[in-house]
Ligand SMILES: [Zn+2]
């Protein structure tokens, strides 16, 4: 797994930008889907690296496609990805759409890597979908937390939740270079 540092501009460099420079001491992470089918990680980076207007700030720490894992904001700084409750506590990981096997694999490896480095168990305690924080506006981002908790499949999910947690746990145990 290879990560590429590709920081977006700080708000001190880009007026109205999406990287406020607020310190973050993360206690977990939020996984997302970009909701922008066809857009590559580089293209999503470009979108985050431009002003969206007040109250419409949007960014994430990582964006992953089949080719790249881009680190857009250091893990020690706040990003705008999942509302006030999560943003000041959680790292944000975005997966590009449509999902490819490579993008899924890279997402799993990255999530396991983040858990390892922060000393987090690779479980629902530390890894939450965006739908957990915003079930109304992001019900399938990247899978439905409600359906997962009810033990049901989400036909509109980007990937299957149960399989995802199992794959992350497996990757967590078997470190890849
Ligand atoms: Zn999201």
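No lab work stands behind these numbers, since they all come straight from the coordinates. Predicted model, so just to flag it, every value in this text is computed and none were measured. All Cβ positions, glycine included, derive from the backbone under ideal geometry; neighbour counts span all protein chains shown.
Here the range 3-173 carries DSSP beta bridges of which approximately 20% are antiparallel, counting only pairs with both residues inside. What is the helix-to-structure angle for 161-173, meaning the angle in degrees between its Cα long axis and the longest Cα principal axis of the chain, kept from 0 to 90 and rounded to the nearest 10? Computed tilt is about 80 degrees. Summary value for the chain: 24 percent relative contact order, contacts being C-alpha pairs under 8 angstrom separated by 6+ residues. Computed from the Cβ-Cβ distance with R0 of 35 Å, the FRET efficiency linking residue 52 to residue 169 stands at 0.50.
Taking a ≥ b ≥ c as the square roots of the eigenvalues of the alpha-carbon gyration tensor, the range 1-79 is classed oblate because a/c is 1.5 or more while a/b is no larger than b/c. Between 89, 18, 137, the residue with the greatest mean-square fluctuation in the GNM of the chain (Cα pairs under 10 Å linked by springs) is 137.
Each label point was placed 7 Å from the Cα along the Cα-to-Cβ direction; for residue 102 and residue 13 their separation is 2.8 nm.
Quote to one decimal, in nm, the extra length available between residue 149 and residue 43 on full extension: 0.36 nm per residue of separation minus the C-alpha distance between them.
On the way: separation 106, 0.36 × 106 = 38.16 nm, distance 3.31 nm.
Gain on extension, residue 149 to residue 43, equals 34.8 nm.
Considering helices alone, the calculated mean residue ellipticity of the chain at 222 nm is -8000 deg cm²/dmol, with DSSP H runs of length four and up weighted by -39500 (n - 2.57) and normalised per residue.
When 58, 144, 131, 12 are arranged by Cβ crowding within 10 Å, least crowded first, meaning fewest neighbours, the order is 12, 58, 144, 131. If you line up the long axis of helix 101-118 against the longest principal axis of the chain, both from Cα atoms, how many degrees apart are they, to the nearest 10? Tilt relative to the chain: about 80 degrees.
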